[in-house]
Structures are given as C-alpha cells and as structure tokens.
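Single-structure report; data block below.
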Amino acid sequence: MVEAKMKIGDLGYPAEFLELFDGKNFDLYPHQEEAIRKFQEGNNVLVSVPTAAGKSLVAYSAIYETFRRGLRSIYIVPLKALAGEKYSELSRLEKIGIRVALSVGDYDTSPSFIKNYDVIVCTSEKADSLLHHDPSIADELGLVVADEIHLIGDEGRCPKLEMVLSTIKYVNPGIRIVALSATISNIEDVADWIGSSIVNSDFRPVPLKPGIIYRKKITYMNGEEEKLKGEDEVIDIVNSHLSRGGQTLVFVNSRKRSEEYARRISLAIDQNLIMKNIEFFPERGETDRYEETLKSMVQNGVSFHHAGLSGETRTRIEKGFKDGLLKALVATPTLAAGVNLPARVVVIRDLTRYSNGYSQFLPNMEIQQMLGRAGRPQYDSEGYAYLYAASKTSFDMANTYLSTDPEPVKSGMFQESLLRFNVLGLISMGIATSKEGIMDFFSSTFAGKT
C-alpha cells in the first residue's frame, strides 16, 4: 500500500495559510516534510536543496509556528528585490493577524519599530544597521530565517551576513534558526556553526537537462548532441524553444551586455510567435531612462533586466515574463539570487566576469544558482540548462562546472580591513569591551568555527 503524501493543508494551519501558495493545497516534497518536522521537534534547521525546490515553504511554516508561540521572526535576504518579493508573499498572512514589515531603506530607522510587528523582512545590510543601533533587538526575536546562507562566502556580502547571524546568536543564544541554502559541499561546517540539523536533498521539481553550446552544436551531459543552424547559437535556441511554447532566460556579465544582447535577440526573434501590442509603460508614473529603448524591445517579446532599471520598471518586466508576454529576458547574474523567475530554458552566455583588473571565470556556486532557474514547476516536464563556450578553454571549464560540486563556503571575516571594522563595531555596540570578550565573540563566528 502506497502511503499518502502529506499536503500543506495537513499541517494544521488556518486555511488562509494556503494563500501563500495561491490557495493551492500542494503535496509536500519529502525534504519539506522532514524540515518542518525537525523544526516542530525543537531543532534549528539547515535546508540545502537546489534552486526552486520549495525552500520558502519551510521558512513560512517556521514563521507561523513562531507566531503561535507569541514570538517575532526576522527574515534576512541578500537583495532588496528578494526582500520585496518575500514581503509581498508574507503580507498575505495579515488576514490571520500576522503583522509584516519591510525594512530595506538606506536611512536610519529606530530598531524599536520591531516591537510593532510579528515578521520583519530585511536585507543583511539593513539587519546589520539595526543591530549596530541597538543589539538588544535580538532579544525581541524568536526566529531568524537566513535565506541564501551560502552567500556568507560571497565577497560582497559575507562580512554582513556572517556578522549579523553571529551577533544575533551571541546576544540571544536561545533563538531558533532556519537557514536556506543552495547545494554546498561543506554543509556540515555551516550546520555546526549555527547548531542545526541538516536536511539535504538533490531533488528538483523539474529535472534539468544540462548541455554545453560550442561550435554550432549542443553537447549534453548524457552524451546526446544537437546541431544548431543559425549565425548566433543562442538566438537559434531562443527561437527553437519559442516555437514549442518555451521562454528563455539569458545571463550575461554586465548591464551594457544585457542591453546589447537583448537588442540583438529582439531583432532576430521569430515575429510570428510574438504577442503584439504589449502595454508595459503607462502614460503616467515613474519614469525610467531606459523606457524608450525597452518599448521597442518588449513589442518583440524581449527585454533586459539589471539593477540600473527603476524598481517599477523591473517589476513590470518580471511580471511580463511571469505572465508569458515576454519570451526572452537577458539579465545580469543578480537576478539569479533575487526574485523567483524560472524559465524553461536558461543560457549562461558569459562564463567570465571582469574583476580585480582581469577577466576570470565565475564561481561554480554562482553558475549553479543561474542554471537552477531552468524549468517551471507545474508547467515544464524538463528544464534546459546551457553553458555557452566561446573557446576550448571555456568548453573545458563548462564541463568542470557541470561535473563537480560547488566550492565550499568560506568566511571572509578575518580580512584585515573587515576585522578592524567588526572589532570596532563590537566595542561600539557594547557586546565585547575586552580582548577576552572580543576573542570569545569571534570564536562563535563561522570563521572562528572553521
């Protein structure tokens, strides 16, 4: 006899909880059920699964469980765009009395506002600012959700996120933690640091079919090959999948490249398969210096997406892609760590990025984050994940990306400039005022544990 799968509705939450999922009572994936059960048993939980495998449900369940205990939660994300998305989703819980606040502004905010809400959604930078103003706010919290915790190894964000989590744990040792991560190779090290159980799975709702685009053909990892006929292989792939109802997400390495490549695709896309008269920009509203450029592109079902666009324009583009009006979107890698925007096909056009004075290959972790956007749950039976190789060296590197685990997460906390800044921060917050106290604090960080 086959055991019936547990559904969201079986968790015993109010019916309004289902509004987080548009009212749909989905079956729980095994890793979701395991993570929720472990949290209910009193454990901290580190969930490490591929992109788009339903990590958010675990966080939302933990937030509701915390609310039922009369305690507050803070949901920390890496980007403002992702914070906005999470805030929009969690705001649906206001019908059952859960008060949700979004805090991402650059201006100073009194941390006391936390007392007026049950859930605070913020970036790691904003959480760091709040703690510097008043570290005692950690005592007001019962749960911290650390989304994309593998980014503690990211040069741009590791000091903030690691410092925030270390400070909250140090000030409030009894706080519960739910950490959400992409697949990482040293998951035990991260779990040991935050004192959590591990829920680890390679399950994906939509299976991936990865391949490498090189010299007018796609070489799939299962040995299959597919010839490409067009002058531009990526445009050939866009049109091929468009004819079968599929959308394509193309990642490039700069804002300028995203604009140029989107323009190229818009001029070559199959016009017979595009919905015309798309109205994206109202006569009134926020203006954007890219608006005129975008107007002609979106009429061809194509757009670009990067941080230089206004918030309103990015939102319109994201909605247009989700609604199927846009068929191809050319974006910078920040989109992969931001909003949930899957497509049947993902192409990483640029495997390198100019950084620190020279061109270098992207980290495997970032590559996997982008490839993980391939395949739309409930819509696609398979997701196509392609790496474009411009040379034999790039081809070999693409093979490495697809056949090896991502890099282990490492701390950047002990870089000299950051160490000095964080020590001064500890002193100003009153958390540590002696050499012994400072050493004790840093022994509790990820850097100190590893």
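Sort Thr315, Thr66 by Cβ crowding within 10 Å, fewest neighbours at the top.
Thr315, Thr66
Sequence neighbours fewer than 8 away in the same chain don't count; with that in mind, list the aspartates and glutamates whose C-alpha is under 16 Å from Lys5.
Asp27, Glu33, Glu34
Under 18 Å between C-alpha atoms is the cut-off here; go through segment 73-217 and count lysine pairs that meet it, provided they're at least eight residues apart or on different chains.
Within segment 73-217, the lysine pair count is 9.
When the distances between all Cα atoms of segment 208-403 are binned every 5 Å from zero, what whole-number percent does each bin get?
1, 8, 17, 21, 21, 16, 10, 4, 2, 0, 0
Put +1 on the Cβ of every Lys and Arg and -1 on every Asp and Glu Cβ in segment 8-203; which of Ser112, Gly84, Ala52 then has its Cα farthest towards the positive end of the dipole?
Toward the positive end, the furthest listed residue is Ser112.
Enumerate the amide H contacts of Arg176 below 5 Å, restricted to partners 5 or more residues apart or on another chain; note that Pro and chain-start residues carry no placed amide H.
Leu143, Val144
Starting at the first residue of segment 124-132, write each ³J(HN,Hα) from the Karplus equation 6.51 cos²θ - 1.76 cosθ + 1.60 with θ = phi - 60°, in whole Hz, x for Gly and Pro.
5, 5, 5, 4, 4, 5, 4, 5, 5
How large is the dipole of the chain about the Cα centre if only Lys and Arg carry +1 and Asp and Glu carry -1, each at its Cβ, rounded to the nearest 20 debye?
On the way: 52 positive and 59 negative charges, 148 e Å.
Rounded to the nearest 20 debye, it is 720 debye.
To one decimal place, what orientation-averaged projected area in nm² is obtained for the convex hull of the Cα set of the chain?
Projected area, direction-averaged: 23.6 nm².
For segment 400-414, in order, what is each residue's ³J(HN,Hα) by Karplus, 6.51 cos²θ - 1.76 cosθ + 1.60 with θ = phi - 60°, in whole Hz (x at glycine and Pro)?
Result, rounded to whole Hz: 5, 4, 7, 10, 10, 6, x, 4, x, 6, 10, 7, x, 4, 8.
So for segment 208-403, averaging the separation of alpha carbon pairs under 8 Å that are six or more residues apart and normalising by length, what relative contact order in percent results?
Details: 332 pairs, mean separation 54.7, N = 196.
Rounded, it is 28 percent for segment 208-403.
With just the Cα atoms defining each centre, how far is segment 389-415 from segment 216-266? Give it in Å.
Their Cα centres are 22 Å away from one another.
From the cross-link list Lys55/Lys410; Lys319/Lys410; Lys55/Lys319, which pairs have alpha carbons spaced over 25 Å apart?
Lys319/Lys410
May I ask you to evaluate 6.51 cos²θ - 1.76 cosθ + 1.60, the Karplus curve with θ = phi - 60°, for each residue of segment 27-32 and list the ³J(HN,Hα) values in order in whole Hz, giving x for glycine and proline?
5, 6, 6, x, 5, 5
Under Stokes-Einstein, with the Kirkwood radius over Cα pairs standing in for Rh, what whole-number D in µm²/s applies to segment 1-152 at 20 °C and 1.002 mPa s?
132
Among residues other than Pro135 whose Cβ falls under 14 Å from its Cβ, what is the net charge (Lys/Arg +1, Asp/Glu -1)?
-3
Laboratory data are not the source of any read-out in this text; all were calculated from the coordinates shown. In this text the structure is predicted, and so the values were computed from the model without any measurement. No Cβ is skipped: glycine too gets one built from the backbone with ideal geometry, and neighbour counts run over all protein chains shown.
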